[in-house]
1. May I ask you to list pairs of residues, at least six apart or on different chains, whose Cβ atoms are under 7 Å apart, with the first in the range 150-176 being among the charged types (D, E, K, R) and the second being in a helix (DSSP H, G or I)?
2. Would you confirm whether or not the range 24-34 contains a residue that is aromatic (Phe, Trp, Tyr) and free of Cβ contacts under 8 Å to residues at least 60 places away in the same chain?
3. If you scan the range 343-375, which residues turn out to be buried (at least 20 other Cβ atoms within 10 Å of the Cβ), under 30 Å from residue 260 (Cα atoms) and not hydrophobic (A, V, I, L, M, F, W, C)?
4. Take the range 391-432 and flag every residue that is under 22 Å from residue 338 (Cβ atoms), polar (S, T, N, Q) and under 26 Å from the mean Cα position of the chain (by Cα).
5. Just checking, does the range 395-411 include any residue being of a type outside the set (Lys, Arg), in contact (Cβ under 8 Å) with a residue 12 or more places away in the chain, within 30 Å of residue 294 (Cβ to Cβ) and surrounded by 15 or more Cβ atoms within 10 Å (Cβ to Cβ)?
6. Pick from the range 173-189 the residues that are surrounded by 15 or more Cβ atoms within 10 Å (Cβ to Cβ) and not aliphatic (A, V, I, L, M): which of them is nearest to residue 158 (Cα to Cα)?
7. So, of the residues in the range 150-164 that are in a helix (DSSP H, G or I) and polar (S, T, N, Q), which turns out to be farthest from the chain's Cα centre (by Cα)?
8. Just wondering, is there one or more residues in the range 376-396 that are in contact with a helix residue (DSSP H, G or I) (Cβ under 8 Å, 6 or more places away or on another chain), of a type outside the set (Ser, Thr, Tyr) and within 21 Å of residue 264 (Cα to Cα)?
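The values are calculated or read from the model by the stated rules, or taken from the named source; none is laboratory data. As the structure is a computational prediction, the values presented were derived from the model and not from experiment. As a convention, Cβ positions derive from the backbone with ideal geometry for all residues, glycine included, and neighbour counts pool all protein chains shown.
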Amino acid sequence: MELADALQDIITKFAKHLEIKGVDYVFFGSPTGDKLLRGDLDVYSPNEPRFDEAVKTFCQHYQLLLVGKTFHATGVRYDIAFKLEGATYIFPGPDLLKYPTWKVKGKLNVDFTSVIKHRERSPNGYFEPNNHSAFLFYLIKKIDKKAISKLEFDYLVSLYNAQERNIDSALQQLWKAKGSDVALCFKQKDMVGFESISEALFEELASQQSFDFERLFYNIKRIAFRLSKRTGLHVVFMGPDGSGKSTIISLSTPLLKNSFRGVEYIHFRPNLANKSSQSGYSVVSDPHKSKARGYLGSLMKLCYLVGDYFIGYLVKVLPLLVKSRLVMFDRYYQDLMVDPIRYRHKGPNWCLTLLGKIVPNPDLFILMDAPAEVLQERKQEVSIEESRRQRDAYLELFEQLPNAYVVDTSKNIDDAVNETVGILVNYMSRRLTTRNESKLSYGQKN
């Protein structure tokens with residue numbers, strides 16, 4: 001089964017499950033498996049608690065993993081992991097709309113009670129809004145984001161052509177000065193013209209926006225919740241040269257990125273002195289070539305590194321985690337303990353251990369492990385004896401680290417990637433079950 005077909009199957013089963021559980025809903029954007037390869041599934045339901053429970057029972061019934069629940073400005077997004085032919089993928093959605101659109105003069109510019117009442121059954125079997133409601137919702141969403149693609153504009157044109165008269169009237173009510181201009185853009189399929197007036201449309205809509213205390217209160221709680229229970233993930237990959245760290249990171253990222261609002265790759269340390277996480281990093285062909293610093297120089301450098309890790313976490317890494325980013329480190333502070341020569345360190349081990357207590361631990365440590373003979377086949381930057389020593393040192397270290405996992409990278413690379421992704425999604429699922437998101441629940445219980 002292709003990935004798009006698998007996503008389509010999930011959408012269909014999810015819609016049926018919602019109906020079995022008696023949950024009213026509409027899917028926006030005429031979602032298909034192909035579309036979900038490019039974005040998430042926008043859903044509106046008038047009762048969030050029942051919808052939330054339906055998502056959980058859906059995952060249980062079909063043996064899926066609920067790995068993410070992210071509260072954002074307009075709603076809450078669920079991320080669901082599933083397996084396809086041995087590989088793990090993340091279903092991008094459903095994204096439940098709590099505050100689906102703006103209020104203009106105290107009223108929603110899309111009447112969602114009417115949306116539910118007049119919803120229609122799509123050819124794919126799920127409920128979606130009629131063309132009039134779908135057009136207004138999607139148009140305002142694109143204006144709010146200040147971005148629209150050719151594919152998205154063509155979709156709006158198709159909705160407009162289906163109910164031109166009713167939509168023209170609604171556009172005139174929303175934009176007194178520009179309503180007819182908007183209609184003309186869709187009549188003439190003029191995307192350039194629409195983009196030229198989109199900023200004016202945004203400003204006019206914003207000027208009519210009424211203050212919403214309920215939404216303000218929700219956003220205050222949401223931000224506080226995101227600060228205390230971060231939805232991003234901080235992962236450290238370690239291992240000797242030739243163990244496959246870079247390969248596993250590059251192949252795992254596409255399978256994981258749907259559950260995050262971006263991916264940040266950092267080598268060894270936060271590197272606050274440079275804006276780019278890659279600044280100052282280059283491929284090392286002989287890691288033991290440089291002469292070690294003296295005792296005092298090693299101690300000073302170590303203090304600098306610890307400060308960079310501690311302050312860098314607060315200033316650089318933590319904000320990314322709050323913003324739901326996946327932060328992946330290739331090497332970390334503990335590499336100093338395994339291979340001090342690489343970092344020109346000549347100080348005592350007790351000093352590394354003591355100062356290391358200040359360094360923030362990631363959510364997960366993952367060791368890329370392979371026999372020394374395999375490491376030497378891939379890279380000959382150190383002797384085989386040194387490869388054996390480093391491997392043993394890493395394995396011993398990982399017996400002491402929290403949330404530490406070992407992945408055998410000497411086997412098939414696809415198996416190693418699948419195991420790595422499995423470690424991350426299982427951790428995310430366990431983390432979610434220990435959190436209490438009910439305090440952010442919004443909606444009435446039946």
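1. 150/191; 152/142; 168/183
2. As a first pass, look at the range 24-34 and keep what is aromatic (Phe, Trp, Tyr): 25, 27-28.
Then drop every residue that is not free of Cβ contacts under 8 Å to residues at least 60 places away in the same chain, which leaves none.
Looking through the range 24-34, none of the residues is aromatic (Phe, Trp, Tyr) and free of Cβ contacts under 8 Å to residues at least 60 places away in the same chain.
3. Residues satisfying the conditions are 362, 369.
4. Correct list: 403, 409, 420.
5. From the range 395-411, those of a type outside the set (Lys, Arg) are 395-410; that's our starting set.
Add one more test, that the residue is in contact (Cβ under 8 Å) with a residue 12 or more places away in the chain, and what stays is 395, 397-398, 401-410.
Applying the additional criterion that residues be within 30 Å of residue 294 (Cβ to Cβ) yields 397, 401.
Narrowing the set further to residues that are surrounded by 15 or more Cβ atoms within 10 Å (Cβ to Cβ) leaves 397, 401.
Taking every residue of the range 395-411 in turn, at least one turns out to be of a type outside the set (Lys, Arg), in contact (Cβ under 8 Å) with a residue 12 or more places away in the chain, within 30 Å of residue 294 (Cβ to Cβ) and surrounded by 15 or more Cβ atoms within 10 Å (Cβ to Cβ).
6. 186
7. Going residue by residue through the range 150-164, those that are in a helix (DSSP H, G or I) are 150-162, 164.
From what's left, polar (S, T, N, Q): 158, 161.
Numbers: 158: 31, 161: 35 Å.
So, considering only residues that are in a helix (DSSP H, G or I) and polar (S, T, N, Q), the one farthest from the chain's Cα centre (by Cα) is 161.
8. Checked the range 376-396: no residue is in contact with a helix residue (DSSP H, G or I) (Cβ under 8 Å, 6 or more places away or on another chain), of a type outside the set (Ser, Thr, Tyr) and within 21 Å of residue 264 (Cα to Cα).
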